[in-house]
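J.: Following this message is one structure expressed as structure tokens.
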Amino acid sequence: MQCAESLRVQAYFDNEVDAVTAAEIERHAEHCAACGTLLRDLELTRATIRRDLPHHRAPPALRARIARELDAEMAVVARGSRTWRRPVERAWSFWASRPQPLHSG
């Protein structure tokens with residue numbers, strides 16, 4: 001059975017929560033078998049992907065297009081609720097700074 005906190009565990013894994021929420025989720029995962037297993041499975045999956053898949057840098061045109069799209073989305077968010085701005089900025093800085101795996105089929 002899946003725990004009601006599983007989405008928060010996934011957000012924690014993706015660094016999309018603040019420090020207070022992260023501490024709450026860490027405490028929860030220590031005592032919830034389902035969430036502890038989910039967190040370990042996510043970590044194993046990420047490690048396996050990083051180890052086994054080749055990494056390629058996205059072509060400059062694609063990187064520029066993604067940057068334009070993210071800038072446009074952040075402008076929309078800035079005009080409205082700022083709730084999602086930090087995760088979008090964090091995701092962009094993470095993905096922009098590393099080679100990207102491309103799956104060719």
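The values are calculated or read from the model by the stated rules, or taken from the named source; none is laboratory data. Being a predicted model, the structure only gives us computed values, none of them experimental. Neighbour counts run over all protein chains shown; Cβ positions are idealised from the backbone, glycine included.
J.: Does Ala47 satisfy the condition of being closer than 14 Å to Arg8 by Cα, assigned by TED's automatic domain parsing to the domain that holds Gln10 and assigned to a helix (DSSP H, G or I)?
T.: So Ala47 fails the test.
J.: Still on this structure: Of the numbered conditions (1) at pLDDT below 95; (2) in contact with a Phe, Trp or Tyr (Cβ under 8 Å, 6 or more places away or on another chain); (3) closer than 22 Å to Ser6 by Cα, Ala67 fails exactly one; give the number of that condition.
T.: Of the numbered conditions (1) at pLDDT below 95; (2) in contact with a Phe, Trp or Tyr (Cβ under 8 Å, 6 or more places away or on another chain); (3) closer than 22 Å to Ser6 by Cα, the odd one out for Ala67 is (3).
J.: Same structure, new question: So, in the range 42-58, how many residues would count as being surrounded by 15 or more Cβ atoms within 10 Å (Cβ to Cβ) and free of Cβ contacts under 8 Å to residues at least 24 places away in the same chain?
T.: Residues meeting the conditions: 0.
J.: Looking at the range 25-41, can you tell me whether even one residue there is surrounded by 15 or more Cβ atoms within 10 Å (Cβ to Cβ), in contact with a Lys or Arg (Cβ under 7 Å, 6 or more places away or on another chain), among the β-branched types (Val, Ile, Thr) and modelled with pLDDT of 95 or more?
T.: Checked against the condition, which is being surrounded by 15 or more Cβ atoms within 10 Å (Cβ to Cβ), in contact with a Lys or Arg (Cβ under 7 Å, 6 or more places away or on another chain), among the β-branched types (Val, Ile, Thr) and modelled with pLDDT of 95 or more, the range 25-41 yields at least one hit.
J.: Which residues, taken from the range 12-33, are of a type outside the set (D, E, K, R) and touching a residue at least 12 places away in the same chain (Cβ under 8 Å)?
T.: Matches in the range 12-33: Tyr12, Phe13, Asn15, Thr21, Ile25, His28, Ala29, Cys32.
J.: How many of the residues in the range 1-15 are under 13 Å from the mean Cα position of the chain (by Cα) and not in a helix (DSSP H, G or I)?
T.: The qualifying residues number 2.
J.: Right, something else. What is the residue count in the range 16-35 for residues that are under 12 Å from Cys3 (Cα atoms) and not in a helix (DSSP H, G or I)?
T.: Residues meeting the conditions: 1.
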